[in-house]
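Note sheet for the following structure.
The values are calculated or read from the model by the stated rules, or taken from the named source; none is laboratory data. Note that this is a predicted model, so its numbers are computed, not measured. Cβ: placed from backbone, ideal geometry, glycine included. Neighbour counts: every protein chain shown. Just the protein is used for accessible areas: all its heavy atoms, side chains included, with ligands, DNA and RNA removed. Shrake-Rupley method; radii C 1.70, N 1.55, O 1.52, S 1.80 Å.
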Amino acid sequence: MVSGRRPVVAVGAHVVFEGRSWQVVALEGPVVRLVDERGVVASMLAGYLCAAADFALVGTAPVAGVPRWGLFQTVPVRERERALAWQRHIHEIECGLPDGPGGVGVARGECGPGRSMAERERAKVEEMRASGWAVSVATVQRMRGRYRRQGLWGLVDKRATRGASATGRSDERVVVAVLEALGRQRGRSKGTVEGLRRLAGEVVEETHGPGVVALPSRATFYRLVNALADPAELPGRPARTASATTPPFAPVGVSRPGEQVQVDTTRLDVMAVLDDGRLGRPELTIAVDVATRSIVAAVLRPEGTKAVDAALLLAEMAVPHPMRPHWPEALELSRASVPYERLATVDERLEGVAARPVIVPETIVVDRGRVFVSEAFLAACETLGVSVLPAPPRRPAAKAVVERAMRTIKTRFSQYVAGHTARKLELRGRHLDKQPLWTIDQLQDMLSEWIALQWQQTPQGGLRSPYTPGLVLTPNQMYAAAVSLTGYRALPQTPGDNRKPLPAQLGGRRTAGRRAHRRTRHQTVRRRGVTRRPGPRPMGIPLPAAAVGA
């Protein structure tokens, strides 16, 4: 029985209660009198009857629940009109009237009395197709089920509601983890979004256990961070290091290890304790082999890199890197993807060394910094038979390989080290000097371990075989493939050989400011009648045993 638009319990209506079918025979105020099929009579309060778990009216049209108008108003107008149109079609299928039960008007013959539900559905599909709706019988049945369960909100296309929430359909546990990760990063130097993603993964594992909650894809996580983070707290993205314009030259192709090695120097984004106890950012000088993308040398210096440091960098390329006592055995060269047995028969020094290849450079590409164009560095290259190729001025793309390697070190190594200073001052955290910091020797040890563990064993998109372009190789795997074709050339260096490229003396006044000061002093001495020009102050060069090892 129906009254208006809602079904009600009235005399003569059939209801389901306690698993049986009953008929309402009398209503006496709040009391309802029921009779079942066997003539059993029962009387109870109407509230108790309607609150029963299995209570239902028999033979009434399905009526949706209260419309969720709050959510419905957040949907675009076009989708709201489409949902209301679906509601009218479903009402006509269920009771024959577009306005639903109790509506005015006359039922049409296609959906009127005497028609089965299947006939009404087929007639409605033909009608909607004629008006331009691409629907089927299965679609109509699915929309009827949604309307029965969720009402008008069930007829809304949920693709139009994804923008209603800032987090979309992201797991609430992931949202909480991202907020926790952002809170932990507050006040510290900003890294990249990838570093924040790893921190959020650690928070999820700490809270729910490993493997319970999966993080979304990288693109979805980036959108989630942009929606949750304050604009002032967004992790900084690495700056472009290559020139945006097209270089006026084509890149030179290389095919063997050592054919071209790119060298450059940059400030490390980490505050460290210097040798004299002061705090400062050390300078990092690295050499990257273009053919294999291997970092063959990496040196940290407390302050400005000098020509003697660049000369020692050349000797480090040709010397195997020893294993540290606390490093795991998995970092040994014998465990890496290289033909270790064949290499060990040629060079006995490779026993017990780290998994970093030994590559003697043929050509070194440098920028026009005074360190790399100094007489000491050029003389050292000439002694070792290395050609020096200066890059064009203001063209970082000419050294794109080493520039990308330094950017990777800043994003995948520096931001996880205590004392991270970020790449810009506005991204730097506060009170870095009060945090526990590492010394330069400790940073050098960690960087060497990271190179052997992460860089040399991580696939890189620029390393692909021409025979299997779909296979991405690691630097060690590329070195193994290249050295099998070109062979291995050892360059044994004795302590005396390592000292030969070094200058006998170092001038104390090498910078432009000091040269100007020296010219001014020379003019003053001449005015006083002294014809002798002051020469450079000699300074000894301490040479550690590790730098001049066999």
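Out of the residues in the stretch 44-70 meeting the condition of being in contact with a helix residue (DSSP H, G or I) (Cβ under 8 Å, 6 or more places away or on another chain) and open to solvent by less than 70 Å² (accessible area, probe 1.4 Å), tell me which one is modelled with the highest pLDDT.
Here the residue is 55.
Looking at the stretch 376-392, I want the residues that are closer than 19 Å to residue 491 by Cα and have a partner that is of a type in the set (Gly, Ala, Ser) and assigned to a helix (DSSP H, G or I) with Cβ atoms under 6 Å, at least 6 apart or on another chain. Which pairs are those?
Final answer for the pair search is 377/307; 377/310; 377/311; 380/311.
Could you tell me which of the residues 456, 415, 477 is more than 29 Å from residue 367 (Cβ to Cβ) and assigned to a helix (DSSP H, G or I)? Spell out the reasoning first.
Details: 456 fails: more than 29 Å from residue 367 (Cβ to Cβ); 415 fails: more than 29 Å from residue 367 (Cβ to Cβ).
Only one candidate qualifies: 477.
For residues that are among the hydroxyl-bearing types (Ser, Thr, Tyr) and modelled with pLDDT under 90, scanning just the stretch 459-478, find the one that is least open to solvent (accessible area, probe 1.4 Å).
Out of the qualifying residues, it is 465.
Please verify whether residue 41 is of a type in the set (A, V, I, L, M, F, W, C), modelled with pLDDT under 85 and open to solvent by 50 Å² or more (accessible area, probe 1.4 Å), treating the condition exactly as stated.
Working: of a type in the set (A, V, I, L, M, F, W, C): yes; modelled with pLDDT under 85: no; open to solvent by 50 Å² or more (accessible area, probe 1.4 Å): yes.
It is false that residue 41 is of a type in the set (A, V, I, L, M, F, W, C), modelled with pLDDT under 85 and open to solvent by 50 Å² or more (accessible area, probe 1.4 Å).
Report, by residue number, each residue of the stretch 393-402 that is touching an Asp or Glu at 6+ places or on another chain (Cβ under 7 Å) and either within 15 Å of residue 455 (Cβ to Cβ) or crowded, with 20+ Cβ neighbours inside 10 Å (or both).
399, 402
Return the residues of the stretch 414-423 that are open to solvent by less than 90 Å² (accessible area, probe 1.4 Å) and at pLDDT below 85; say none if nothing qualifies.
If we filter the stretch 414-423 for residues that are open to solvent by less than 90 Å² (accessible area, probe 1.4 Å), which is where we start, we get 414-415, 417-422.
Listed by number, the list holds a single entry, 422.
Under 6 Å between Cβ atoms, at least 6 apart or on separate chains: pull out the pairs that start in the stretch 183-212 with a residue that is in contact (Cβ under 8 Å) with a residue 24 or more places away in the chain and part of a helix (DSSP H, G or I) and end on any residue that is open to solvent by less than 20 Å² (accessible area, probe 1.4 Å) and of a type outside the set (A, V, I, L, M, F, W, C).
Final answer for the pair search is 193/235; 196/235.
Go through (1) at pLDDT below 85; (2) touching a Gly at 6+ places or on another chain (Cβ under 9 Å); (3) not aliphatic (A, V, I, L, M) for residue 251 and report which single condition fails.
(2)
Which of the residues spanning the stretch 358-392 are surrounded by 20 or more Cβ atoms within 10 Å (Cβ to Cβ) and under 12 Å from residue 290 (Cα atoms)?
Answer for the stretch 358-392, where residues must be surrounded by 20 or more Cβ atoms within 10 Å (Cβ to Cβ) and under 12 Å from residue 290 (Cα atoms): 359, 361, 364, 365.
Does the stretch 182-235 hold any residues that are open to solvent by 50 Å² or more (accessible area, probe 1.4 Å), aliphatic (A, V, I, L, M) and modelled with pLDDT of 85 or more, and which are they?
Listed by number, the residues that qualify are 212, 214, 215, 219.
Among what's in the stretch 428-458 and is in contact with a Ser or Thr (Cβ under 7 Å, 6 or more places away or on another chain) and open to solvent by less than 30 Å² (accessible area, probe 1.4 Å), pick the residue that is farthest from residue 404 (Cα to Cα).
Step by step, filter the stretch 428-458, then rank; the result is 432.
Restricting attention to the stretch 336-346, and to residues there that are part of a loop (DSSP other than H, G, I, E, B) and open to solvent by less than 50 Å² (accessible area, probe 1.4 Å), which single residue is farthest from residue 475 (Cα to Cα)?
Going through the qualifying residues, I end up with 339.
Kindly establish whether residue 14 is in contact with a strand residue (DSSP E or B) (Cβ under 8 Å, 6 or more places away or on another chain) and modelled with pLDDT under 85.
Yes, satisfied.
Scan the stretch 282-335 residue by residue and report those that are surrounded by fewer than 17 Cβ atoms within 10 Å (Cβ to Cβ) and under 27 Å from the mean Cα position of the chain (by Cα).
Residue satisfying the conditions is 330 alone.
Which residue, of 364, 409, is assigned to a helix (DSSP H, G or I) and aliphatic (A, V, I, L, M)?
409
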